[in-house]
Amino acid sequence: MSKPTLGIIGGGQLGSMLATAAKRLEIKTVVFSDDMDAPAQKFSDEFIFGKYDDQNKIDKLVSKTDVITFEFENIPYETLNQINKIKPVLPKPSINRIIQHRLAEKDFINKLNIRTTRYASVKNKSEMDTVQDLLPGLLKTVTLGYDGKGQHLINSIEDINELDIDFSRGYILEKLVKLKKEISIIITRFSDKKYEIYEPIENVHEDQILKNSRIPADINDKILKQSRLWAMKLTEELKYVGTLCVEFFIDRNENLYVNEIAPRVHNSGHLTINAYNISQFENHVRAVCGLEQIKLNKISNAKMINLIGSQINVYRNKQFNSNEFFFDYLKKEIKHKRKMGHLTTLF
Ligand code: ADP
Ligand code: MG
């Protein structure tokens with residue numbers, strides 16, 4: 001059987017790493033992005049530039065590919081759904097629709113008796129009065145947030161008056177968790193009860209952006225088991241195909257909460273490229289393209305640091321040791337808070 005051609009919607013570093021993994025498996029890729037300078041075009045076989053609702057470009061993508069996936073969750077549902085009527089979109093668009101909406105996502109998780117922080121929908125300023133028991137809390141836009149964008153810390157009700165918030169966008173207020181640490185689990189589901197699961201990764205955020213990740217995570221056995229169980233349950237319930245990430249909080253009393261789910265490969269899983277026999281990217285390509293599932297094998301402990309903004313500059317001219325792996329995302333411009341590259345160190 002000839003191998004399928006894979007369409008990837010979104011052209012950032014996750015798209016680049018998916019395309020690189022596909023190439024190694026001799027799978028052709030077509031990247032579709034609304035950014036003319038999308039770095040993933042340097043790693044894919046073909047590139048389509050266009051808006052995500054441009055019918056001609058969508059048709060072009062569909063005609064050139066056999067199966068389509070995405071590297072970020074904020075793609076219009078209509079686009080994914082429309083493509084899915086002609087060629088399979090994996091993971092399924094209906095999954096994306098739940099997860100790209102913070103309220104729908106948290107309702108879904110809680111229905112499975114999996115703990116999240118307490119939350120409420122806030123439709124206008126006066127509703128803030130009724131949810132004061134969730135303060136201090138984070139007010140987040142229900143859609144389109146990433147790397148902490150669209151989030152406001154609210155300590156007391158007075159803070160609201162000082163912020164210029166357009167409530168028509170739809171907000172969720174989440175009670176602030178007194179964090180001890182954050183972990184994530186990357187899991188790839190191939191079909192019913194068939195998955196490969198990576199060990200929990202310990203993550204440190206700065207200004208709500210991931211700063212570094214490491215394995216092994218320093219967590220107790222109960223949290224280890226609970227987080228794995230919850231990750232498997234979420235993935236199975238969604239009948240997910242591909243790689244998914246579950247982000248967790250651990251509070252100061254050692255309680256575990258699911259923070260959010262990313263229906264895609266994830267920044268905290270970059271270290272899987274060097275620390276495992278099969279990376280999260282390769283596993284995603286294997287699952288969505290229907291290739292063989294291979295048992296995961298850990299090669300080494302690892303830590304990864306994100307190189308944000310101008311931090312990349314020193315690394316571009318650096319000599320590395322044999323246990324260090326530098327990735328430059330080859331983005332056209334260095335911008336404040338932009339993820340420019342990462343360094344993984346095995347130990
Ligand atoms: P994003 O979609 O931007 O990744 P998250 O909800 O994951 O949004 O928030 C980013 C980071 O902000 C989290 O990893 C965590 O460090 C912090 N954060 C978000 N929500 C809470 C919360 N309810 N309590 C404590 N910290 C939080
Ligand atoms: Mg997050």
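Quick notes on this structure:
- Strands (runs of 3 or more DSSP E) fully within the stretch 166-260 that include at least 1 residues being hydroxyl-bearing (Ser, Thr, Tyr) and buried (at least 19 other Cβ atoms within 10 Å of the Cβ): 171-175, 179-191, 194-197, 209-215, 242-251.
- Residues in the stretch 36-61 that are outside any loop (DSSP other than H, G, I, E, B) and within 24 Å of the chain's Cα centre (by Cα): 39, 40, 41, 42, 46, 47, 48, 49, 58, 61.
- Test: residue in the stretch 292-312 that is touching a helix residue (DSSP H, G or I) at 6+ places or on another chain (Cβ under 7 Å), buried (at least 20 other Cβ atoms within 10 Å of the Cβ) and either among the β-branched types (Val, Ile, Thr) or closer than 21 Å to residue 70 by Cβ (or both): no
- Residue 153 vs. criteria without any contact (Cβ under 8 Å) to a residue 40 or more places away in the chain and in contact with a His (Cβ under 6 Å, 6 or more places away or on another chain): no
- Residue within the stretch 280-288 that is more than 16 Å from ligand 1 (Cβ to nearest atom), more than 24 Å from residue 143 (Cα to Cα) and part of a strand (DSSP E or B) present: no
- Among the residues of the stretch 188-226, those identified as among the polar types (S, T, N, Q), within 14 Å of ligand 2 (Cβ to nearest atom) and either at pLDDT 95 or above or assigned by TED's automatic domain parsing to the domain that holds residue 153 (or both) are 203, 213.
- The stretch 100-122 - residue that is assigned to a helix (DSSP H, G or I) and out of contact with any Lys or Arg (no Cβ under 9 Å at 6 or more places or on another chain) and, of those, nearest to ligand 2 (Cβ to nearest atom): 105
- Screening residue 160 against (1) surrounded by 15 or more Cβ atoms within 10 Å (Cβ to Cβ); (2) of a type in the set (A, V, I, L, M); (3) within 15 Å of ligand 1 (Cβ to nearest atom) leaves a single unmet condition, (3).
- The requirement of being more than 16 Å from ligand 2 (Cβ to nearest atom), in contact (Cβ under 8 Å) with a residue 60 or more places away in the chain, within 15 Å of the chain's Cα centre (by Cα) and closer than 17 Å to residue 22 by Cα is satisfied by residue 283.
- Checklist (1) touching a residue at least 24 places away in the same chain (Cβ under 8 Å); (2) within 20 Å of residue 113 (Cα to Cα); (3) away from ligand 2 (no atom under 16 Å from the Cβ); (4) not charged (D, E, K, R) applied to residue 229, failing item: (1)
- Hey, residue 252 within 13 Å of ligand 1 (Cβ to nearest atom) and more than 22 Å from residue 219 (Cβ to Cβ) or not: no
- Single match in 296, 271, 244, 291 (criterion: within 16 Å of ligand 1 (Cβ to nearest atom) and touching a residue at least 12 places away in the same chain (Cβ under 8 Å)): 244
- Meets criteria (in contact with a strand residue (DSSP E or B) (Cβ under 9 Å, 6 or more places away or on another chain), within 13 Å of ligand 2 (Cβ to nearest atom) and modelled with pLDDT of 90 or more) for residue 173: no
- Residue in the stretch 173-187 that is in the same structural domain as residue 269 (by TED's automatic domain parsing) and away from ligand 1 (no atom under 16 Å from the Cβ) present: yes
- Pair list, Cβ < 9 Å and 6+ apart or interchain, from the stretch 168-181 residues that are without any contact (Cβ under 8 Å) to a residue 40 or more places away in the chain and under 17 Å from residue 132 (Cα atoms) to residues that are among the polar types (S, T, N, Q) and not in a strand (DSSP E or B): none
The values are calculated or read from the model by the stated rules, or taken from the named source; none is laboratory data. Please read these numbers as outputs of a predicted model, since none were measured by experiment. Cβ atoms come from the backbone with ideal geometry, glycine included; neighbour counts cover every protein chain shown.
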